1. Would you mind getting the accessible area per residue of the range 168-218, heavy atoms of the protein chains only, 1.4 Å probe, in Å²?
2. Using a Förster radius of 22 Å, what is the FRET efficiency between Ala143 and Thr185 based on their Cβ-Cβ separation? Nearest 0.05, please.
3. Could you list which residues have their amide H under 5 Å from that of Cys166, counting only those 5 or more apart in sequence or on another chain, with H placed in the peptide plane?
4. What number do you get for the range 65-218 when its Cα radius of gyration is normalised by 2.2 N^0.38 Å, N = residues?
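The values are calculated or read from the model by the stated rules, or taken from the named source; none is laboratory data. In this text the structure is predicted, and so the values were computed from the model without any measurement. Neighbour counts run over all protein chains shown; Cβ positions are idealised from the backbone, glycine included. Remember, those area values only see protein heavy atoms, side chains included, never the ligands or the DNA or RNA. Shrake-Rupley method; radii C 1.70, N 1.55, O 1.52, S 1.80 Å.
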Amino acid sequence: MYQARHPSGRHPSDPHPSEEPTLSGDNPAARPTTLHPPHSPRCGIPSQSRGALPQGYSGGAGLDGFNTLPSDDAVAALLACCGSLRWAERVAAHRPYPDPESLLAASDEACYDLTPAEIDEALAGESFSARPLVGARGPGTLAAHTALRAAHAEYERRFRHAFVICLDGYRDDELLDQVLSGIRTRLGNEPDEERAVTADELRRLTRGRLARLAASCP
């Protein structure tokens, strides 16, 4: 997924300021796609790997590890997938989950129930990544990144929030074209229409990040 975090909402763990568009999940193993979740999927212009996981959260045993995390640690881990506190608390409160599908279904339900203010809260955690898109190489790449940066600036001016897009399922060499095409198309949306598209892309990004999180729990 490819996600773009708003410069003013940059996560403290992000090492670079917003400059160039990037995929939030530049790690091929971390796909789906969004730009900026914890060990997130790829999506959005923001980075896909959003924040630090709680102390003691390493990789390994899967859903059972997530189910048994202390409540505060579970909420902290979930906030790396989606920046809405109510979403994180709601998903954490319904543990234990019998299987990954149940966890993802709970995430979807909680995402559909987000208020406009909670969506804004989640979007504030998405930022424009400074690293170049994975797989973007060759002639025209610099010009394409320049065009993407300009399009993202125009998007934020028009809609007042970061651009997010889920790129799960695309090859690395398709990501730059998909992001450019997506942002240019969505610049033509009316604000209410774009709000709905953004909410769905955020849900998809969250879903991919959450799947990776559950798979990596100790």
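1. Counting only protein heavy atoms, the per-residue value for the range 168-218 is 46 Å².
2. Once the sixth-power term is evaluated, E becomes 0.70.
3. Counting only residues 5 or more places away or on other chains, the set is Tyr2, Gly44.
4. Compared with the compact-globule rule of thumb, the range 65-218 sits at 1.12.
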